[in-house]
Amino acid sequence: MTTINSILFDLDGTLFDYSPTWVPQMNKRYPDINKIIGYPLTEHQLSTRSVLAAQLAQELIYAPRFYVDEQIYDSAYNLVKYLIELGADVWFVTSPVPNYHRKISLISKISQIRRFFGQDISQKIIFSTRKYEVVGKYLIDDQPEHPKEEIKAQWKAILVKCDYNEFVECPRRVSTHNMIEDFQKVTIQDQWDIKQMKQM
C-alpha cells in the first residue's frame, strides 16, 4: 500500500486529457462548447445550461470508450516515468464511475495505465471517492476541492492548472505543459519551507 512518501496521481484531467472524448460530442449539440471550463462536468452543465445538457454530459462520461479514448498528457507521462526512474513510489488514485457503469470504468482505467506504464504499475491503482483517506506525500490532481482537504489528509495537494481551479487558493501547481519542471519547483520550495521552519 501507499506510504507517507508515495506520490499520488489522479487520472482524468491530470494524467489523461478527457476533453478530446467529451468536447467534440458536446459541441455537436452545443456549438459554443469548445473546452472544459467547469467541474464536475454534469453539475456544471446543469447549473449553467439545462437538464438536457447535463444528461448528455453524463451519457458521454458513461460511454463505453470514454476512458479508453482519453489522450495522455505528454508532460504528465514524462513526470511519471521520471519519478519511477528515480525510484519514487508512484500510485494512481481515481474516483470510479458509480452504479452499473462502475465495472467498465475500472477496467478501462486499469487498461490505460497498463498500456502506458506496464503490467506491474497497473496494480498500483486505488479507486476511491475519498482521496483524503489515502496516505501519501503529494496528491497531484485537477479537482478544486483537494487543497481544502489537506487538513484531514496526510498529503499535500498539487493542483494541475486548469480553468475550473484557477481561483482556488493553492501554493503548489503544475502545468500540463511543464510538469517535471513545475514539480521540481514545488519540491524545492517545500524543502526550503521545512528548513526555514526548523530554524525558527
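The values are calculated or read from the model by the stated rules, or taken from the named source; none is laboratory data. Worth saying up front: this structure is predicted, and the values here are computed from it rather than measured. As a convention, Cβ positions derive from the backbone with ideal geometry for all residues, glycine included, and neighbour counts pool all protein chains shown.
General remarks:
- In the range 85-109, residue surrounded by the fewest Cβ atoms within 10 Å (Cβ to Cβ) [restricted to those that are in a helix (DSSP H, G or I) and among the β-branched types (Val, Ile, Thr)]: Ile107
- Options Ile140, Ile113, Ile104, Ile151: the member that is in contact with a helix residue (DSSP H, G or I) (Cβ under 6 Å, 6 or more places away or on another chain) and on the phi < 0 side of the Ramachandran plot: Ile113
- Filter result for Gln45 (farther than 25 Å from Phe117 by Cβ and surrounded by fewer than 20 Cβ atoms within 10 Å (Cβ to Cβ)): no
- The range 130-147 - residue that is under 11 Å from the mean Cα position of the chain (by Cα) and assigned to a loop (DSSP other than H, G, I, E, B) and, of those, surrounded by the fewest Cβ atoms within 10 Å (Cβ to Cβ): Pro144
- Residue within the range 67-84 that is modelled with pLDDT of 95 or more, among the aromatic types (Phe, Trp, Tyr) and in a loop (DSSP other than H, G, I, E, B) present: yes
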